[in-house]
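First the structure, in the form of structure tokens, and then the observations on it.
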């Protein structure tokens, strides 16, 4: 996501002497990661509540009227989260932390609006099952990314290239409407975002030594939470497409 993970050269490094991390460093790292996870979980909760409210009533819900009514509004709702992502990335260095927080919560709300259509397509049991499967997988993979001593940089490069291919394949399938292709895309999508969850967690953890105690820390926390949010939501959606039952 742009260059938010590339700290400014002037950023102060929070390190202990002779390579041994101090207790203060470890406590600060735990606090930093907890803030990331709190932001991420709160955004998922907010998006879920917005989606449920917007889809409440099924065929008579606001979501049903908008997404079946045609016109430009459904496209605006679906593309709005992307607009917030661009605004957060390009405005990262210029806006205040409060401004970035406002964009983050706006992003979570618009994601909830766009996700509401999935609640109309799939049964409640399928949505709940996919959510808990994604949550369990995310927790395990993020824990692995946090605790492993293995450098996952190569993983990141591989999965990012795979993500580009996944996006291209998804765009092509919008026009060809191939069922088998959609199935393959969903399987690959689960694996890509599973890998990105571990990679992003390790990358976010490593960022702490660059931003701890600087004015960049709060901004990095928000952008890190956005990355993990996207990993989780995409994993959830691909699992839902693989195993969900349509209404």
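The values are calculated or read from the model by the stated rules, or taken from the named source; none is laboratory data. This is a predicted model, so every value here is computed, not measured. Neighbour counts are summed over all protein chains in view; Cβ atoms, including those assigned to glycine, are modelled from backbone coordinates with ideal geometry.
Would you confirm whether any residue within region 15-32 is modelled with pLDDT of 95 or more and either at positive phi or crowded, with 17+ Cβ neighbours inside 10 Å (or both)?
yes
Among the residues of region 139-162, are any under 29 Å from residue 63 (Cβ atoms) and either surrounded by 16 or more Cβ atoms within 10 Å (Cβ to Cβ) or touching a helix residue (DSSP H, G or I) at 6+ places or on another chain (Cβ under 8 Å) (or both)?
no
Looking at residue 174, is it more than 15 Å from the chain's Cα centre (by Cα), modelled with pLDDT under 90, in a helix (DSSP H, G or I) and surrounded by fewer than 16 Cβ atoms within 10 Å (Cβ to Cβ)?
Values: more than 15 Å from the chain's Cα centre (by Cα): yes; modelled with pLDDT under 90: yes; in a helix (DSSP H, G or I): yes; surrounded by fewer than 16 Cβ atoms within 10 Å (Cβ to Cβ): yes.
For residue 174, the condition - more than 15 Å from the chain's Cα centre (by Cα), modelled with pLDDT under 90, in a helix (DSSP H, G or I) and surrounded by fewer than 16 Cβ atoms within 10 Å (Cβ to Cβ) - is met.
Okay, residues lined up against (1) under 29 Å from residue 26 (Cβ atoms); (2) in contact with a strand residue (DSSP E or B) (Cβ under 8 Å, 6 or more places away or on another chain):
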| position | (1), (2) |
| --- | --- |
| 206 | yes, no |
| 217 | yes, no |
| 220 | yes, no |
| 223 | yes, no |
| 227 | yes, no |
| 230 | yes, no |
| 236 | no, no |
| 240 | no, yes |
| 245 | no, yes |
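If residue 169 meets every condition in (1) part of a helix (DSSP H, G or I); (2) within 30 Å of residue 30 (Cα to Cα); (3) without any contact (Cβ under 8 Å) to a residue 40 or more places away in the chain apart from one, which number is that one?
Just one mismatch for residue 169, condition (2).
What is the number of the single condition among (1) at pLDDT 95 or above; (2) under 21 Å from residue 37 (Cβ atoms) that residue 209 does not meet?
So the condition that residue 209 fails would be (1).
Condition (residue is farther than 22 Å from residue 45 by Cβ, in contact (Cβ under 8 Å) with a residue 40 or more places away in the chain and either surrounded by 15 or more Cβ atoms within 10 Å (Cβ to Cβ) or more than 16 Å from the chain's Cα centre (by Cα) (or both)) applied to region 108-122: is it met by at least one residue? Give the derivation first.
Just the residues of region 108-122 that are farther than 22 Å from residue 45 by Cβ, to begin with: none.
Looking through region 108-122, none of the residues is farther than 22 Å from residue 45 by Cβ, in contact (Cβ under 8 Å) with a residue 40 or more places away in the chain and either surrounded by 15 or more Cβ atoms within 10 Å (Cβ to Cβ) or more than 16 Å from the chain's Cα centre (by Cα) (or both).
Could you please tell me which pairs satisfy a Cβ distance under 9 Å, a separation of 6+ or placement on different chains, a first residue in region 46-74 that is crowded, with 18+ Cβ neighbours inside 10 Å, and a second residue that is modelled with pLDDT of 90 or more and not in a helix (DSSP H, G or I)?
These pairs meet every condition: 54/61; 55/61; 63/56.
Of the conditions (1) at pLDDT below 90; (2) within 21 Å of the chain's Cα centre (by Cα); (3) closer than 23 Å to residue 236 by Cβ, residue 67 satisfies every one except a single condition; which number is it?
(2)
In this structure, is residue 92 within 19 Å of residue 49 (Cβ to Cβ) and surrounded by 16 or more Cβ atoms within 10 Å (Cβ to Cβ)? Explain how you work it out, then say what you get.
Working: within 19 Å of residue 49 (Cβ to Cβ): no; surrounded by 16 or more Cβ atoms within 10 Å (Cβ to Cβ): yes.
Answer is no for this residue.
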